[in-house]
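Novice: Okay, here's the structure, questions in a sec.
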Amino acid sequence: PRVLKSGAMPDTEYQRLWETITAGQNWHGELCNSKKNGELYWDYVAISPVLDAEGKISHYVAIQEDITERKLGEEFLRQQQQFSDDIINSLPGIFYMLDPLGRFVRVNPKFMEVTGYSKDELDGMSVLDFFGAEEKALVLQRMQEVFENGDSKAEAELIIKSGQKIPYHFSGHRTNIKGQSYLDRKSVGGKECR
């Protein structure tokens, strides 16, 4: 199998492979290999030792599946996720994504900066926790509009961790990911831009 070795994998990966199979155990994993022309490709490999009549390893059997397309797809998705994160994290206003129950799925650093809450604290909260009793009905109505119609807007006072109320204009948009609807909101502060 040395002829397939591309040099792109750490030597420790091959050491683990050989330690496993020479101990009589099955090994499976992903390897970046090289074609005769030098082109790299990815394989999912399963290797099993074959024992002789005396119980000693006589040879190994390997099954390989080319997973290059899958790996390229995964890398493309990783790059797209990074691009999305960079955009959301650089927004001048707050951004958050909610599930249909109003729970936070994603927030940008500006949201935590403005509200004073950490990511861990937000994990147990609903967006309705940020509004006073008089505005919760309006916010809930606008959220339902987003999930039903795709978009909605509202002006309300955001109550941050310190108890301070900040006027904000919210614009919500429905996003579908893997058949599940989410609400993402971009908000701009009142008279003072935050």
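The values are calculated or read from the model by the stated rules, or taken from the named source; none is laboratory data. Note that the structure is predicted; figures quoted are calculated from it, not measured. All Cβ positions, even for glycine, are placed from backbone atoms using ideal geometry, and neighbour counts span all protein chains on display. These accessible areas exclude ligands, DNA and RNA; they are computed on the full protein's heavy atoms, side chains included. Shrake-Rupley method; radii C 1.70, N 1.55, O 1.52, S 1.80 Å.
Novice: Report whether or not residue 114 is over 19 Å from residue 181 (Cα atoms), open to solvent by less than 60 Å² (accessible area, probe 1.4 Å), in a strand (DSSP E or B) and among the hydrophobic types (A, V, I, L, M, F, W, C).
Specialist: Values: over 19 Å from residue 181 (Cα atoms): yes; open to solvent by less than 60 Å² (accessible area, probe 1.4 Å): yes; in a strand (DSSP E or B): no; among the hydrophobic types (A, V, I, L, M, F, W, C): yes.
For residue 114, the condition - over 19 Å from residue 181 (Cα atoms), open to solvent by less than 60 Å² (accessible area, probe 1.4 Å), in a strand (DSSP E or B) and among the hydrophobic types (A, V, I, L, M, F, W, C) - is not met.
Novice: Report whether or not residue 124 is more than 30 Å from residue 40 (Cα to Cα), without any contact (Cβ under 8 Å) to a residue 24 or more places away in the chain, assigned to a loop (DSSP other than H, G, I, E, B) and under 25 Å from the mean Cα position of the chain (by Cα).
Specialist: Yes, satisfied.
Novice: Tell me which residues, restricted to the stretch 97-106, are farther than 16 Å from residue 151 by Cβ, assigned to a strand (DSSP E or B) and not charged (D, E, K, R).
Specialist: Answer for the stretch 97-106, where residues must be farther than 16 Å from residue 151 by Cβ, assigned to a strand (DSSP E or B) and not charged (D, E, K, R): 104, 105.
Novice: Same structure again: Inside the stretch 157-183, can you point out the residues that are open to solvent by less than 50 Å² (accessible area, probe 1.4 Å), of a type in the set (Gly, Ala, Ser) and at pLDDT 90 or above?
Specialist: Across the stretch 157-183, the qualifying residue is only 163.
Novice: Right, next: Please go through the stretch 3-37 and give me each residue that is part of a loop (DSSP other than H, G, I, E, B), open to solvent by less than 100 Å² (accessible area, probe 1.4 Å) and of a type outside the set (D, E, K, R), ordered by number.
Specialist: 6, 7, 8, 9, 10, 23, 24
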